[in-house]
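Student: This is the structure I have questions about; it appears just below.
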Amino acid sequence: MTFEKLSGLYHSIVDKPRIAIIENEVSQQHFMGSLLSAGKKYDLVFFSSGNEFLNSFESGDFNLAYVDLRLSDMGGIEVIEKTIFHHPRIQMVIQSSLPDEESFFRALRAGAIGYHWKADLDSFESKNDIFLNGGSILSPTMAFRINRFFKVNNVSVAEGAEVEILKMLVKGYTVDMICERKNISYKTIYSSMRNILNLLKSCSE
């Protein structure tokens with residue numbers, strides 16, 4: 001599904017996006033809540049464990065969910081797998097106190113649309129909006145891992161623009177630099193990153 005269709009679907013379904021925060025540390029719940037509730041643009045619901053979220057009758061009603069990598073009752077990747085199996089429409093983001101790239105990569109292969117390092121506060125709100133509007137974000141190191149995975153498994157990235165964007169990310173180009181050099185919009189880049197992750201997930205099943 002294209003970025004435009006995802007964005008249109010999202011805006012037609014809800015006026016205020018519903019976001020689940022699955023985090024066993026109360027202090028982190030409060031902290032994330034304060035970051036996202038400043039403008040009161042979102043309906044936030046907090047869960048202290050994976051099972052609490054999975055067993056909730058509301059679990060299928062969220063637009064986006066942030067899940068901690070290490071919960072008290074199960075791993076965040078397991079929560080992502082179970083959620084996507086029952087509610088594939090929910091956009092799942094893995095997060096951790098440490099930049100655990102190996103676990104982040106496993107989460108992306110399981111179907112997460114992105115990852116968030118808790119210490120990275122400056123760009124959190126902008127990332128959140130990108131996730132809600134059907135885009136994804138990839139760092140150079142994560143792009144390198146994905147590109148290597150595709151090569152090892154002989155996976156072909158069909159769209160020319162996505163091939164070029166992935167190569168440029170691997171080389172360390174920022175989104176601003178790619179926009180300028182390729183004369184394309186931010187929306188196109190973030191949508192291409194989401195398509196790359198969709199391909200990664202389909203190759204991992």
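Per-residue answers, yes or no, for (1) at pLDDT 90 or above; (2) assigned to a helix (DSSP H, G or I):
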{"residue": "98", "(1), (2)": "no, no"}
{"residue": "145", "(1), (2)": "yes, yes"}
{"residue": "148", "(1), (2)": "yes, yes"}
{"residue": "166", "(1), (2)": "yes, yes"}
{"residue": "172", "(1), (2)": "yes, no"}
{"residue": "184", "(1), (2)": "yes, no"}
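Student: Turning to a different aspect of this structure: Looking at the stretch 68-109, which of its residues are more than 21 Å from residue 127 (Cβ to Cβ) and among the polar types (S, T, N, Q)?
Tutor: 72
Student: Looking at the stretch 114-121, is at least one residue assigned by TED's automatic domain parsing to the domain that holds residue 64, among the charged types (D, E, K, R), modelled with pLDDT under 90 and not in a strand (DSSP E or B)? Write out each step before concluding.
Tutor: First, pick out the residues of the stretch 114-121 that are assigned by TED's automatic domain parsing to the domain that holds residue 64: 114-121.
Filter once more, so that each one left must be among the charged types (D, E, K, R): 118, 120.
Subsequent filtering for residues that are modelled with pLDDT under 90 retains 118, 120.
Applying the additional criterion that residues be not in a strand (DSSP E or B) yields 118, 120.
Checking the stretch 114-121: at least one residue is assigned by TED's automatic domain parsing to the domain that holds residue 64, among the charged types (D, E, K, R), modelled with pLDDT under 90 and not in a strand (DSSP E or B).
Student: While we're looking at this one, here's another question. Need the failing condition index for residue 93 against (1) outside any strand (DSSP E or B); (2) closer than 19 Å to residue 43 by Cβ, just the number.
Tutor: (1)
Student: Give the stretch 131-184 a look and list any residue that's in contact with a strand residue (DSSP E or B) (Cβ under 8 Å, 6 or more places away or on another chain) and of a type in the set (A, V, I, L, M, F, W, C), or say none.
Tutor: Result: 131, 132, 137, 142.
Student: Restricting the search to the stretch 34-68, which residues are part of a helix (DSSP H, G or I), at pLDDT below 90 and surrounded by fewer than 17 Cβ atoms within 10 Å (Cβ to Cβ)?
Tutor: 34, 35, listed by residue number.
Student: Kindly indicate whether residue 27 is polar (S, T, N, Q) and assigned to a loop (DSSP other than H, G, I, E, B). Spell out how you get there, then give the answer.
Tutor: Values: polar (S, T, N, Q): yes; assigned to a loop (DSSP other than H, G, I, E, B): no.
Judged against the criteria, residue 27 is not a match.
Student: Can you tell me which residues in the stretch 28-71 are within 21 Å of residue 119 (Cβ to Cβ) and hydroxyl-bearing (Ser, Thr, Tyr)? Please lay out each step first, then the result.
Tutor: Within the stretch 28-71, the subset within 21 Å of residue 119 (Cβ to Cβ) is 28-38, 44, 46, 64-71.
34, 37, 66, listed by residue number.
The values are calculated or read from the model by the stated rules, or taken from the named source; none is laboratory data. Predicted, not measured: the structure shown is a model, and the values here were computed from it. Reconstructed Cβ throughout: ideal geometry from the backbone, glycine too, with neighbour counts over all protein chains shown.
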